[in-house]
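Worksheet: one structure, shown below.
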Amino acid sequence: MHILEVIKKEVVEGIDRLYGTKPDEKQIQFQKTRKEFEGDFTLVVFPFLRISKKGPEQTAADIGEFLTSSISVIENFNVVKGFLNLKLTNSFWLNHLNTILIDASFGIKKPDSSGKTLMVEYSSPNTNKPLHLGHIRNNLLGYSVAEILKANGHKVLKVNLVNDRGIHICKSMLAWQKWGNGATPEKTNIKGDKLVGNYYVKFDQEYKKEIAKLISDGFTEDEAKNKAPLLEEAREMLRKWEAGDKEVTELWKTMNNWVYAGFDVSYKKLGVDFDKVYYESETYKLGKEIVLEGLNKGILIKKEDGSIWADLTADGLDQKILLRSDGTSVYMTQDIGTAHQRFSEFALDNHLYVVGNEQNYHFQVLKLVLKKLGYDWSDNISHLSYGMVELPEGKMKSREGTVVDADDLIDEMVNTAKETSLELGKLNNLGEQEAAETFNMIGLGALKYFILKVDPKKTMLFNPQESIDFNGNTGPFLQYTHARICSIIRKAKDIGIVVPESVSMDSAIKPKEQELIKLLADFGNAIEEAGKLYSPAVIANFIYELAKEFNTFYHDFSILKEENVELKMFRLAVSQKVANVIKAGALLLGMNVPDRM
RNA sequence: GCCCCCAUAGUUCAAGGGAUAGAAUAGCAGUUUCCUAAACUGUAGAUACAGGUUCGAGUCCUGUUGGGGGUACCA
């Protein structure tokens, strides 16, 4: 049992003994003692004043006395205002360190019977344009959250849903037909997703021209947007596609395959993967069936023009279209089908969708519609709603060319890592391939950490010029700390020292050393909290604190040059564990750490 | 119009209702005969505004201002 659990029980016991009433467990709040005070854990006593009917100082002192005498590992206590600071003994921390040292995968839970089966959907690209910075946040979050949930002992299925059908796909297909002149990725030497994306942009440009012309011919803007011949053609193409038209289907397959080849390159670079890939084209029909069934049962409504709707006004939402008047599906239709398919395929305890907060309403509606259609599992749908990535000049707009392309950004980060390394004269004695791998690790590490250290829910700002940083609270800082420790371990090996698996010491642990042990001990909590909140930022902050603390320790104390052998071994063991935890934490963020840099 | 989210140093981010609001970066001043200076130390700098709840509010409630997103045939 964790020491805090033990103390908690004693607090209940103690207050009952002292004042004759048991406090509510929820009122017992422990926090780590702030650095400026003496102690390890702090109990806030304000909530107990009603029971004790005494002042905060007196109450804290009473409880402190009780705990010190009843729990042997509490060495002493002090009281500051209503805060009871408890200090644990040296030997407690040493023992604790030994339990941590022995556990090779410390902090990470193995999947067991109590673990749940979870599905995490992320990435979910459209096949009409290449991946950009926004997708990067999505992919990194999805991957990391899935890893964090695994580390909490759950079985996790990472899935991708490719939005490979719909009017937007037809737009790029149509533009390619009209203006493509048979261009292919091979002929043009353009990455497949980029090539297709270019035609999506082309469509929009031509479409806007048509709108402008119609408006000058006297139509209103809305009429013009609706009546533009290009849009009519795209709609016609979607109808043909849904009817299984051979020519349209062939073109669709060809262009999508170009895109997939391009995506694979980007996914590989980013280091994300999936256990299963779903295609919207394979699920929308199921969605359609479910919608029609819902109509038959009278749960949904049909309007005069033939379109089918869910009326959610009684629940404070609007009406939502589920099938267009021409019978084609919308986004919601296929999401209904996909969800149904997944819950019938797997016994999911929860299904997490990693999707931007612009779709909050969509998921609210999705859950409600599924509930109305009678699916109880709709309660097990969660939405990890993350904030947009903004540029200094505002939101990214693909049609206006203000997007930061994913591939370009990654390449730029890796390049900068290379330049910086060369400038600092690092890695000179590494082989070419190993050096290249390290540059890659550092560049990607910088990018991943930059994005994941921010609370997912928050809108974040990305400044291409200033955000590429390798000093301070960054990925490379963590990597550097890890590499530094590896260097010490290598040197130890060279002189025949083996890092011990357990330590014993007569002398007292110094505050900085104890601080490291305390931080290490908290790794498991960080993983738990990150899992509960779906927040990789918790892990990022944790390993940053740990690395920072280690660096000051490293600066102030000698490790290999320490003459006291016991102390040397102790410091070596702690350093090794710090490196292990940094690495394990970084891996949860999808980040690798090098042994030298 | 209606609905949702956000607002913390110059800038980018932290802070499960708890102590004197932490970091990083940019600024200034320092630390390499010593295990990697991508490091370390010092210095200065912030809770949009007005009320309220509470022993205690950056955090909860109300209002104001400013920003972002959604809103019935895009995904």
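The values are calculated or read from the model by the stated rules, or taken from the named source; none is laboratory data. No experiment lies behind these values; they were computed from the predicted model shown. With ideal geometry, Cβ positions are generated from the backbone for all residues, glycine too; neighbour counts draw on all protein chains shown. SASA here: full protein model, heavy atoms, side chains in, ligands and nucleic acids out. Shrake-Rupley method; radii C 1.70, N 1.55, O 1.52, S 1.80 Å.
In chain A, the longest principal axis of the Cα atoms and the axis of helix A:523-533 are about 30 degrees apart.
Note on the stretch A:3-88: lysine pairs with Cα distance below 18 Å, sequence gap of 8 or more or different chains, count 16.
Straight-line reach from A:LYS187: taking Cα to Cα under 20 Å and skipping same-chain neighbours fewer than 8 places apart, the aspartates and glutamates in range are A:GLU250, A:ASP264. Using a probe of 1.4 angstrom and keeping all protein chains present, the accessible surface of the stretch A:3-88 works out to 54 square angstrom per residue.
Please list, by residue number, everything in the stretch A:67-86 whose backbone N is under 17 Å from a paramagnetic label point 7 Å out along Cα→Cβ of A:THR99. Residues A:71-75 fall inside that zone. For chain A, the relative contact order works out to 14 percent when only alpha carbon pairs closer than 8 Å and six or more residues apart are counted. Restricting the chymotrypsin sites (Phe, Trp or Tyr not before Pro) of the stretch A:67-101 to loop positions (DSSP other than H, G, I, E, B) with no more than 10 neighbouring Cβ atoms within 10 Å leaves nothing. Spin-label model, A:ASN76/A:GLU419: points 7 Å from Cα along the beta carbon direction are separated by 5.6 nm.
At the residue level, A:SER144 shows approximately 0 square angstrom of accessible surface with a 1.4 angstrom probe and all protein chains present. Among the listed pairs A:LYS171/A:LYS253; A:LYS269/A:LYS583; A:LYS253/A:LYS371; A:LYS276/A:LYS320, those whose Cα-Cα separation exceeds 23 Å are A:LYS253/A:LYS371; A:LYS276/A:LYS320.
Across the stretch A:217-229, computed HN-Hα scalar couplings (Karplus, 6.51 cos²θ - 1.76 cosθ + 1.60, θ = phi - 60°) run 7, x, 7, 6, 4, 4, 4, 4, 4, 7, 9, 3, x Hz from first to last residue, x flagging Gly and Pro. Using a simple spin-label model with pseudo-atoms 7 Å out from Cα toward Cβ, A:GLN29 and A:ILE495 lie 4.9 nm apart. Database remark: amide H of A:LEU461 closer than 5 angstrom to the amide H of A:GLU390 (H placed geometrically; neighbours at sequence offset of 5 or more, or on other chains; Pro and chain starts carry no H). Restriction of the GluC sites (Glu not before Pro) in the stretch A:403-501 to DSSP coil positions whose beta-carbon has at most 15 other beta-carbons within 10 angstrom yields A:GLU466, A:GLU501.
Counting alpha carbon pairs within less than 8 Å and at least 6 residues apart, what relative contact order, in whole percent, applies to the stretch A:274-344?
Once normalised by length, the contact order is 35 percent.
Averaging Cα coordinates gives a centre for the stretch A:1-51 and one for the stretch A:206-282; these two points are 61 Å apart. Principal axis extents of the Cα atoms in the stretch A:441-575, from largest to smallest and rounded to whole angstrom, are 51, 31, 22. Rolling a 1.4 angstrom probe over chain A with all protein chains present gives an accessible area of which 49% lies on carbon and sulfur atoms. Extension gain for A:ARG50 to A:GLU232 (0.36 nm times residue separation, less C-alpha to C-alpha distance): 58.3 nm.
Annotation for A:SER113 and A:LEU461: the two label points, set 7 Å from Cα along the Cα-Cβ direction, are 5.3 nm apart. Ordered from highest to lowest accessible area with the whole protein assembly present and a 1.4 Å probe, A:VAL389, A:VAL265 read as A:VAL265, A:VAL389. Projecting each Cα onto the charge dipole of the stretch A:258-349 (Lys/Arg +1, Asp/Glu -1 at the beta carbon, about the Cα centre), which of A:ALA339, A:TYR260, A:VAL291 comes out farthest on the positive side? Highest projection toward the positive end goes to A:TYR260. Per residue, chain A reaches -18000 deg cm²/dmol at 222 nm when only DSSP H runs of four or more residues are counted, each adding -39500 (n - 2.57).
The GluC sites (Glu not before Pro) of the stretch A:221-330 meeting both criteria, a DSSP state outside H, G, I, E and B (loop) and at most 11 other C-beta atoms within 10 angstrom of the site's C-beta, are A:GLU304. With protein chains left intact and a 1.4 Å probe, residues in the stretch A:166-316 average 54 Å² of accessible area per residue.
Heavy-atom accessible surface of the stretch A:445-597, averaged per residue, reaches 43 Å², computed with a 1.4 Å probe.
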